[in-house]
Amino acid sequence: MSLLTAATVLTGCSSTLDDVKITMATGSEGGVYYRLGNGLADIWSGRLGIVRPQVVATAGSKDNVTRLVNNQAQVGFSQADALEEVEGSSRLRALARMHDDYLQVIVRADLPVKKLSELSGLRVSVGGQESGVEIIANRMLDSLHVTPQRLNLDLEKSAQWMTEGKLDAFFWSGGLPTTRITQLTKELGVRMLDLRDELGPFRGQYPVYGSATLPASTYNLQSGPVITLVVRNFLLVTESMPDDVAEALVRQLFEGQPELVKAHSAARTIEQRSAIETSPVPLHNGAMRYYRDAKV
């Protein structure tokens, strides 16, 4: 089904919430974006009385930004780095900084792989085409001169192929915990790579990324916690969205946050003070109006 026929593009001439229809670009059905997108769709339709937004499963961040730029979606999630990859993304605006994504490099536990450099020659998925995962994975592998057999598989297929013995490792970037990764750790012995030795040089080249500890308890990892890369997530809209619509959406994001946490626990980390930290993406004027009213 065409996204353009599924939703009416929001235009700058609208001044009320009447007849607002939204298509939201999210990500893999097994990922956090998709869960949060459905949570927001329920909140916005229930609290604002609008038609429930159409939540579209996509390849991920780069795909989402492309859809927004091409007016095939009006709201979308994206990692900060994906905005550097799509021409025209400077026209987008942010409603909020959301949760941070954690890079998760997952290998079969029966392989003697402990470092990223040891992936050379192995069958490794770098994420689906047009995904944020693909951006990070390719940047990291190229920067560190690691040369695996690269495959473009989405999260579900990566987990499936690993279970079937057709894949040695895969990259995933998502909020914690990611449901499909939780399922995989229960079905199959896996290990997550600690990237502390690689992060210094890599972050020097790409300052958009940060680092953090992924707790072992997140996935009941027998190998213990790992140091990994993190990247900020934004909730983005098109610049043509009317100010009152943008203000209403971001207001209900926060007023409905307890409901959003039920959709996925990553929503607990969304805070008003950090939500305005969307550089290099400007806040939408309507979102800015909400934050000023909330005295952030």
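The values are calculated or read from the model by the stated rules, or taken from the named source; none is laboratory data. All values reported here derive from a predicted model rather than from experimental measurement. FYI the Cβ positions are ideal-geometry reconstructions off the backbone, even for glycines, and counts take in every protein chain you see. Keep in mind that these areas ignore ligands, DNA and RNA; they rest on the heavy atoms of the full protein, side chains included. Shrake-Rupley method; radii C 1.70, N 1.55, O 1.52, S 1.80 Å.
Give the number of residues within the range 258-284 that are in contact (Cβ under 8 Å) with a residue 12 or more places away in the chain and out of contact with any helix residue (DSSP H, G or I) (no Cβ under 6 Å at 6 or more places or on another chain).
Within the range 258-284, residues that are in contact (Cβ under 8 Å) with a residue 12 or more places away in the chain and out of contact with any helix residue (DSSP H, G or I) (no Cβ under 6 Å at 6 or more places or on another chain) number 14.
Quick check, is Ser217 at pLDDT below 95 and surrounded by 14 or more Cβ atoms within 10 Å (Cβ to Cβ)?
When the stated conditions are applied, Ser217 does not pass them.
Answer yes or no: is there a residue in the range 191-201 that is over 26 Å from Val75 (Cα atoms), in contact with an Asp or Glu (Cβ under 6 Å, 6 or more places away or on another chain) and surrounded by fewer than 19 Cβ atoms within 10 Å (Cβ to Cβ).
For the range 191-201, residues over 26 Å from Val75 (Cα atoms), in contact with an Asp or Glu (Cβ under 6 Å, 6 or more places away or on another chain) and surrounded by fewer than 19 Cβ atoms within 10 Å (Cβ to Cβ): absent.
Does the range 99-110 include one or more residues that are among the basic types (Lys, Arg) and out of contact with any strand residue (DSSP E or B) (no Cβ under 9 Å at 6 or more places or on another chain)?
no
Do we have Gly88 as open to solvent by less than 40 Å² (accessible area, probe 1.4 Å), out of contact with any Gly (no Cβ under 9 Å at 6 or more places or on another chain) and under 30 Å from Asn138 (Cβ atoms) here?
The answer is yes for Gly88.
In the range 272-279, is there at least one residue being within 21 Å of the chain's Cα centre (by Cα), of a type in the set (Gly, Ala, Ser) and buried (at least 20 other Cβ atoms within 10 Å of the Cβ)?
yes
Looking at this structure, is Leu111 buried (at least 22 other Cβ atoms within 10 Å of the Cβ) and not acidic (Asp, Glu)?
When the stated conditions are applied, Leu111 does not pass them.
For the structure I just gave you, tell me whether Gly76 is open to solvent by less than 20 Å² (accessible area, probe 1.4 Å) and at pLDDT below 95.
No: the conditions fail for Gly76.
Could you run through the range 152-172 and say how many residues are among the charged types (D, E, K, R) and in contact (Cβ under 8 Å) with a residue 60 or more places away in the chain?
Total meeting the criteria: 3.
Within the range 122-147, restricting attention to residues that are under 15 Å from Arg108 (Cα atoms) and of a type outside the set (Ser, Thr, Tyr), which residue is least open to solvent (accessible area, probe 1.4 Å)?
Of everything passing the filter in the range 122-147, Val124 is least open to solvent (accessible area, probe 1.4 Å).
Could you tell me which numbered condition His99 fails, if it satisfies all but one of (1) at pLDDT 95 or above; (2) part of a strand (DSSP E or B)?
His99 satisfies all of (1) at pLDDT 95 or above; (2) part of a strand (DSSP E or B) except (1).
On the given criteria, is Gly30 of a type in the set (Gly, Ala, Ser), open to solvent by 10 Å² or more (accessible area, probe 1.4 Å) and at pLDDT 95 or above?
It is false that Gly30 is of a type in the set (Gly, Ala, Ser), open to solvent by 10 Å² or more (accessible area, probe 1.4 Å) and at pLDDT 95 or above.
Name the residues in the range 49-65 that are open to solvent by 40 Å² or more (accessible area, probe 1.4 Å) and either in a helix (DSSP H, G or I) or farther than 19 Å from Gly127 by Cβ (or both), would you?
Within the range 49-65, Gly49, Val51, Arg52, Gln54, Lys62 meet the criteria.
Restricting attention to the range 172-180, does a residue exist that is under 20 Å from the mean Cα position of the chain (by Cα), crowded, with 21+ Cβ neighbours inside 10 Å and either more than 22 Å from Asn220 (Cβ to Cβ) or among the polar types (S, T, N, Q) (or both)?
Taking every residue of the range 172-180 in turn, at least one turns out to be under 20 Å from the mean Cα position of the chain (by Cα), crowded, with 21+ Cβ neighbours inside 10 Å and either more than 22 Å from Asn220 (Cβ to Cβ) or among the polar types (S, T, N, Q) (or both).
Right, Leu36: over 18 Å from Leu283 (Cα atoms) and touching a residue at least 60 places away in the same chain (Cβ under 8 Å) or not?
yes
Name the residues in the range 220-265 that are within 30 Å of Lys21 (Cα to Cα), touching a strand residue (DSSP E or B) at 6+ places or on another chain (Cβ under 9 Å) and open to solvent by 50 Å² or more (accessible area, probe 1.4 Å), would you?
The answer is Arg232, Glu239.
Kindly indicate which of Arg97, Arg93 is more than 20 Å from Pro225 (Cβ to Cβ), basic (Lys, Arg), under 14 Å from the mean Cα position of the chain (by Cα) and crowded, with 18+ Cβ neighbours inside 10 Å.
Arg97
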